[in-house]
Amino acid sequence: QVQLVESGGGLVQPGGSLRLSCAASGMIFRRGSMAWYRQAPGKERELVATITSFGVTNYADSVKGRFTISRDNVKNTVDLQMNSLKPEDTAVYYCHVPGGAYWGQGTQVTVSS
């Protein structure tokens, strides 16, 4: 079975940094793209960043220049380095296989002054 397990969330002050990690299993990780999404309370889940199997990345305008997505096709992990965090970044963050049916449990990121 496909499993996606996120970790690394927490409470951070504005301007701070966090690094999220997602461990994937039960799939051929190296064959496809991976993505990070986030969802704030009462809001739609939104796409934050994507990375192809070759490492080509794309970002939402709201995080461009602050977040970096990366992957390790040997360890089957995808990370999200988040710098210069803002209160608007507060959400539950999920990793996902684009077009797939599986989601991780999510990890809470709270940015508060």
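Roll a 1.4 angstrom probe over the protein heavy atoms and tell me the percent of accessible area of the chain that is carbon or sulfur.
So the carbon and sulfur contribution to the accessible surface is 49 percent.
Can you give the accessible area per residue of the chain, in Å², using a 1.4 Å probe?
With the other protein chains kept in place, the chain gives 54 Å² per residue.
Running a GNM on the chain with Cα contacts under 10 Å, which residue among A49, A40, A101 ends up with the highest mean-square fluctuation?
A101
For the pair S17/V74, report the inter-label distance in nm, with labels modelled 7 Å from Cα in the Cβ direction.
Taking the two extended label points, one gets 2.3 nm.
With all protein chains present, calculate the accessible area of R66 using a 1.4 Å probe and round the result to the nearest 10 Å².
About 30 Å², rounded to the nearest 10.
Give me the number: length gained by fully extending V2 to A60, i.e. 0.36 nm times residue separation minus the C-alpha to C-alpha distance, one decimal in nm.
18.3 nm
Calculate one ³J(HN,Hα) per residue across the range 7-13 by plugging θ = phi - 60° into the Karplus curve 6.51 cos²θ - 1.76 cosθ + 1.60, and present them in order as whole Hz with x for glycine and proline.
Using θ = phi - 60°, the values come out as 8, x, x, x, 9, 9, 7 Hz.
Counting other Cβ atoms within 10 Å, which GluC sites (Glu not before Pro) in the range 1-60 have at most 11 and lie in a DSSP loop?
Those that pass, being in a loop and sparsely packed, are E44.
Give the span of the chain's Cα atoms along each principal axis, as three whole-Å numbers ordered largest to smallest.
Projected onto the principal axes, the Cα atoms of the chain cover 41, 26, 22 Å.
Using the Cα centre as the reference, give the magnitude of the dipole from point charges on the C-beta atoms of the range 1-103 (Lys, Arg: +1; Asp, Glu: -1; all else neutral), rounded to the nearest 20 debye.
200
The values are calculated or read from the model by the stated rules, or taken from the named source; none is laboratory data. Note that the structure is predicted; figures quoted are calculated from it, not measured. Methodologically, a virtual Cβ is constructed for each residue, glycine included, from the backbone with ideal geometry; neighbour enumeration extends over all protein chains shown. Calculation scope for accessible area: heavy atoms of the full protein, side chains included, ligands and nucleic acids excluded. Shrake-Rupley method; radii C 1.70, N 1.55, O 1.52, S 1.80 Å.
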